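Read the structure below first, then the notes.
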Amino acid sequence: PAEYLYPMIAQWPTNSATGEVTLGRREGDTSVALNEFRYDKTTPLRLRFPMSARDMPMTKALSGETGVVFAKDYRGKTVLASLGMIPGSDWGIVVKMDWEEILADSGRASALILLFTLAMLLAAAVTAYLLFRLQASAYSRSLLEIESEKEKYRINLETLTDRANDMILLSDPEKRSLLMVNRKACEAY
């Protein structure tokens, strides 16, 4: 095991400063470390913990607990550990990483997510502003076109009414007033 199994276990599958995989077995009322630890190379078969130390990851695993738990490791550090038993053996396995390292990584990830979210919000705001400006510009152009058409019709109407040989009077019956009178009507009256 010292030549093949333990070195293979010591190769943590991710880039981690504190992560390690440990194997252990129960001997009476104690748990025995089977491989060396990252921070203690003299541990194989020497490091023992009483099974009554219920906050240790290996004693939890050897007591039948499985899953992911918070615990204190052999250094007294709080760790996030995945516990289990190796099928077909009385060996327990613990994969753990210091909680401080996890929080440090999550802090960087949170900062990146926050920056990305802010960038997306800014991009959405800029896009909304540009769409608003385009819409406002199109609305202004349509109002100008309407006013231009209206002015063209007014000029055409004035030209037609002023050159007409008949009198033209346009009145508003509600206000009892004249809205428009052509030149022929002015000359006649």
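Summary of values
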read-out: Solvent-accessible heavy-atom area per residue, rounded to whole Å², over the chain at 1.4 Å; value: 71
read-out: Aspartates and glutamates whose Cα lies under 18 Å from that of LYS184, excluding same-chain neighbours fewer than 8 positions away; value: GLU158, ASP162, ASP166
read-out: The chain, relative contact order in percent, only Cα pairs under 8 angstrom and at least six apart counted; value: 12
read-out: C-alpha center-to-center spacing [segment 168-189, segment 93-154] in angstrom; value: 57
read-out: Diffusion constant of segment 83-125 at 10 °C, which comes from Stokes-Einstein with the Kirkwood Cα-pair radius and 1.306 mPa s, µm²/s; value: 117
read-out: Hydrodynamic radius (Kirkwood) for the chain, which is based on Cα pairs only, to one decimal in Å; value: 24.2
read-out: Segment 1-95: relative contact order as a whole-number percent, Cα under 8 Å and 6+ apart; value: 23
read-out: log₁₀ of I(q)/I(0) at q = 0.14, 0.23, 0.30 Å⁻¹ - segment 134-189, Debye sum with one point per alpha carbon; value: -0.55, -0.88, -1.07
read-out: Under Karplus coefficients 6.51, -1.76 and 1.60, residue-wise ³J(HN,Hα) of segment 179-189 in Hz, glycine/proline x; value: 8, 7, 9, 8, 5, 4, 5, 5, 5, 6, 8
read-out: Nearby aspartates and glutamates by direct alpha-carbon distance to LYS77 (threshold 18 angstrom, same-chain neighbours under 8 apart not counted); value: GLU20, GLU36, ASP40, ASP55, ASP98, GLU100, GLU101, ASP105
read-out: Heavy-atom accessible surface of segment 12-76: percent carbon and sulfur, 1.4 Å; value: 53
read-out: Amide H contacts of MET51 (H built 1.01 Å from N, under 5 Å, at least 5 apart or other chain); value: THR30, SER31
read-out: Under-5 Å amide H pairs with LEU34, H placed in peptide plane, nonlocal only; value: LEU23, GLY24, ARG25, LEU45
read-out: Protection proxy ranking, peptides 44-53, 58-67, average beta carbon neighbours within 10 Å, highest first; value: 58-67, 44-53
read-out: Accessible carbon and sulfur surface of segment 118-189 relative to its total accessible area, %, 1.4 Å; value: 61
read-out: From phi via Karplus (6.51, -1.76, 1.60), per-residue ³J(HN,Hα) for segment 120-129 in Hz, x at Gly/Pro; value: 5, 5, 4, 5, 5, 5, 5, 4, 4, 4
read-out: Packing rank of 75-83, 19-27, 140-148, where each peptide gets the mean count of other beta carbons within 10 Å, highest leading; value: 19-27, 75-83, 140-148
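The values are calculated or read from the model by the stated rules, or taken from the named source; none is laboratory data. Note that the structure is predicted; figures quoted are calculated from it, not measured. For neighbour counting, all protein chains shown are included, and Cβ atoms are generated from backbone atoms with ideal geometry for every residue, glycine included. All accessible areas refer to the heavy atoms of the entire protein, side chains included, with ligands and DNA or RNA removed. Shrake-Rupley method; radii C 1.70, N 1.55, O 1.52, S 1.80 Å.
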